[in-house]
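Chemist: The structure's right below; bear with me while I get my questions together.
The values are calculated or read from the model by the stated rules, or taken from the named source; none is laboratory data. The structure displayed is predicted, hence computed values, not measured ones. Cβ placement follows ideal geometry from the backbone for every residue including glycine, while neighbour counts extend to all protein chains displayed.
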Amino acid sequence: MTNIRDLTIEELKKYLTLSGEKDYRALQIFEWLHKHMIDDIECASNLGKELKKNIKDNFDTAFPSIKSEYISKIDDTKKYLIRLSDGLLIESVLMKYKYGYTVCVSSEVGCNMGCKFCASTIGGLKRNLSPSEMLSEVYLISKKNGIKISNVVIMGIGEPLKNYDNVIRFIKLLNDPHGQNISMRNVSLSTCGIVENIYKLASENLPITLALSLHATTQEQREKLMPIAKMYDIESVMEAMAYYFEKTNKRITFEYSLIDGINSSSEDAYKLIELFKKSFKNRHIDFNVNLIAINEIKERSYTAPDRKKIETFMNILKNSGVSVMLRRELGKDISGSCGQLRMSES
């Protein structure tokens, strides 16, 4: 049964018309669900009893709940373990910045990408999240903290481009002016590199920021860290990212986790520069590199390089003209940083 929160206003109008209801009710229903973020349709005070019964009889109205809250002692980050209606669990993170509040949302329950440095993939993939379940991550966190969310990053558990249709619908519902009205320019999506869906996303003409989890400078190195690279080679992934920029004119991001003894040497930095030169040739591709000091997880032995090695790596890129920044390690003490989210209690 379809969750009522998965429907657009036009889809609600169509349903109401077919069921003999007034179609203007569609906007009222939508605003209660997405602007006021109610978790129970009975809270919609201007809807009649018969209409509420109609909705409950014909739609799933379930709303996830927060099982646990973890509050960082070193910054303003909060992590939430969210229980879905079928009992499965996901994690989402609230981060505070000078410009406002950002929520990092999960797009799947678990992940089957198998990246060697990521906790999210341990246990494999259970299922995709629906648009309403992804929206609930934003709504629950917003209501819990009494705040307006300004930015959303689809960088939690799961590979967003493997749950393509649901993620696109989620973004559009999030952006609806009668809902949370979060600008698409404030939405970022991170992918391991599902090539055909990068091209598909470019054709959607959504002004979101696309980030590629790169983490390597060669095909051989990437295959060792990210099994998905055996299906999508580094050349085709880089070409797809270049196409995305040329199609959307939206700056792209490359995420690069620095792992001591694996991909963080000066030689690796120069190889990364060569990869960009080879991939983009004489084309002007506006991009930046987001460096991440690898966040440790108990099941893996990977560690981050020391500060000197990180700064050396950064300076080599900067001196070559590459736009680069080091991501802040928010929520590290609550396992809320990049690569640490799980579908269970941490």
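Chemist: Yes or no: Leu212 assigned by TED's automatic domain parsing to the domain that holds Asp286 and under 24 Å from Glu108 (Cβ atoms)? Full working, then the answer.
Modeler: Numbers: assigned by TED's automatic domain parsing to the domain that holds Asp286: yes; under 24 Å from Glu108 (Cβ atoms): yes.
The answer is yes for Leu212.
Chemist: Now for a separate question. It is to be established whether one or more residues within segment 217-225 are in contact with a Ser or Thr (Cβ under 7 Å, 6 or more places away or on another chain) and closer than 26 Å to Gly110 by Cα.
Modeler: There is no residue in segment 217-225 that is in contact with a Ser or Thr (Cβ under 7 Å, 6 or more places away or on another chain) and closer than 26 Å to Gly110 by Cα.
Chemist: Sort out which residues of segment 249-293 are among the hydroxyl-bearing types (Ser, Thr, Tyr) and either assigned to a strand (DSSP E or B) or touching a strand residue (DSSP E or B) at 6+ places or on another chain (Cβ under 8 Å) (or both), and write them in order of number. Before the answer, list the steps.
Modeler: Within segment 249-293, the first condition is being among the hydroxyl-bearing types (Ser, Thr, Tyr), and the residues that meet it are 253, 256-257, 264-266, 270, 279.
Of everything in segment 249-293, those that are among the hydroxyl-bearing types (Ser, Thr, Tyr) and either assigned to a strand (DSSP E or B) or touching a strand residue (DSSP E or B) at 6+ places or on another chain (Cβ under 8 Å) (or both) turn out to be Thr253, Tyr256, Ser257, Ser264.
Chemist: Could you name every one of the helices (runs of 4 or more DSSP H) located completely within segment 108-218 that has at least 3 residues being crowded, with 19+ Cβ neighbours inside 10 Å and hydroxyl-bearing (Ser, Thr, Tyr)? Talk me through it step by step, then tell me what you get.
Modeler: On the way: elements: 131-145, 164-175, 195-204.
Once the helices (runs of 4 or more DSSP H) in segment 108-218 are filtered for at least 3 residues that are crowded, with 19+ Cβ neighbours inside 10 Å and hydroxyl-bearing (Ser, Thr, Tyr), what remains is 131-145.
Chemist: Take Glu159 and decide whether it is of a type in the set (Asp, Glu) and within 19 Å of Ile66 (Cβ to Cβ).
Modeler: On the way: of a type in the set (Asp, Glu): yes; within 19 Å of Ile66 (Cβ to Cβ): no.
Spelling it out, it is not the case that Glu159 is of a type in the set (Asp, Glu) and within 19 Å of Ile66 (Cβ to Cβ).
Chemist: Also, quick follow-up: Tell me, please, whether a residue that is more than 23 Å from Lys172 (Cα to Cα), touching a residue at least 24 places away in the same chain (Cβ under 8 Å) and not aromatic (Phe, Trp, Tyr) can be found in segment 41-55.
Modeler: Yes, segment 41-55 has at least one match.
Chemist: Considering (1) in the same structural domain as Ala229 (by TED's automatic domain parsing); (2) in contact with a helix residue (DSSP H, G or I) (Cβ under 7 Å, 6 or more places away or on another chain), say which one Leu81 fails and leave the rest.
Modeler: (2)
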